[in-house]
Amino acid sequence: MIYYIQNENDGAYIYPNKKRANFTALSVIKNICIEHLTSLESYLKAVKNILDSRYRIPIVLSSKYAFFSTKAMRNIDSIWINYFAVKEIIYLEKTIMFIFDVHHRLEIEISTKNYQRLVGLIFKVLKYKSSLE
C-alpha cells in the first residue's frame, strides 16, 4: 500500500519503501489513475460535476487508494497522502500529524477545517461510487 508520494530533488519518492520515480508526484498520481482505468483529467471533470466542488479534490480510486494533496495539485512541494494508509491523526496547533506506522509520519501545515473538508469529499465520492453498483 502506498502511504504518500513526495517530490525531492531527483524525482518523486513513493513511501513506505521510498521507491524512486523518475518523474513528479503528480505524474505518479496520473499513472495510478491510468492503472485504475481513468485519467486524472476525466476523474476531476466528473467529480466537479457530481460534487459541485472546484478545488483540492481528492483522488478516490478504490477502497485502497484515496489521495489528497497537501497544497495545490500542481505545486512541486505538494505531498500526496493516501487517506486509507493513515492509521492515526494528531491535530496540533497549526499542523496535523499523519501517522502511518511506527517509522512513517508526516507533520503537514493544513487546517483542521480543510482536512475535514477533504475527508468529507472522500466519503461523498465513495458513497456516489457505491450508489452505482
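Every read-out reported here was derived from the displayed coordinates using simple, explicitly stated rules and does not represent laboratory data. Since this is a predicted model, take the numbers as computed values, not measurements. Neighbour counts are summed over all protein chains in view; Cβ atoms, including those assigned to glycine, are modelled from backbone coordinates with ideal geometry.
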Report task. Would you mind finding the one in K113, K124, K64 that is in contact with a helix residue (DSSP H, G or I) (Cβ under 7 Å, 6 or more places away or on another chain) and exposed (fewer than 12 other Cβ atoms within 10 Å of the Cβ)? Result -> K64
Query raised in the report: Looking at segment 54-68, which of its residues are touching a Leu at 6+ places or on another chain (Cβ under 9 Å), of a type outside the set (A, V, I, L, M) and either assigned to a strand (DSSP E or B) or over 14 Å from R117 (Cβ atoms) (or both)?
Result: S63, F67, F68
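Could you tell me whether any residue of segment 29-52 is among the hydroxyl-bearing types (S, T, Y), in contact (Cβ under 8 Å) with a residue 40 or more places away in the chain, part of a loop (DSSP other than H, G, I, E, B) and within 24 Å of K129 (Cβ to Cβ)? Step through it out loud before you land on a result.
Step one: of segment 29-52, the residues among the hydroxyl-bearing types (S, T, Y) are 38-39, 42-43.
Filter once more, so that each one left must be in contact (Cβ under 8 Å) with a residue 40 or more places away in the chain: none.
There is no residue in segment 29-52 that is among the hydroxyl-bearing types (S, T, Y), in contact (Cβ under 8 Å) with a residue 40 or more places away in the chain, part of a loop (DSSP other than H, G, I, E, B) and within 24 Å of K129 (Cβ to Cβ).
Filter segment 69-86 down to the residues that are hydrophobic (A, V, I, L, M, F, W, C) and part of a loop (DSSP other than H, G, I, E, B) and list them by number. Spell out the reasoning first.
Here is the first cut: in segment 69-86, the ones hydrophobic (A, V, I, L, M, F, W, C) are 72-73, 76, 79-81, 84-86.
A72, M73, I76, V86 - these are the residues of segment 69-86 that are hydrophobic (A, V, I, L, M, F, W, C) and part of a loop (DSSP other than H, G, I, E, B).
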Requested in this report: Determine whether segment 20-28 contains at least one residue that is under 15 Å from A66 (Cα atoms) and small (G, A, S).
Outcome: yes
Requested in this report: Those residues that are surrounded by fewer than 18 Cβ atoms within 10 Å (Cβ to Cβ) and not aliphatic (A, V, I, L, M), I need them from segment 85-110; list them, please.
Outcome: K87, E88, Y91, E93, K94, T95, D101, H103, H104, R105, E107, E109
**Report entry** Members of segment 75-106 found to be of a type outside the set (A, V, I, L, M), touching a residue at least 12 places away in the same chain (Cβ under 8 Å) and within 17 Å of I14 (Cα to Cα), listed by number
**Finding:** D77, S78, W80, N82, Y83, F84, F98, F100, D101, H103, H104
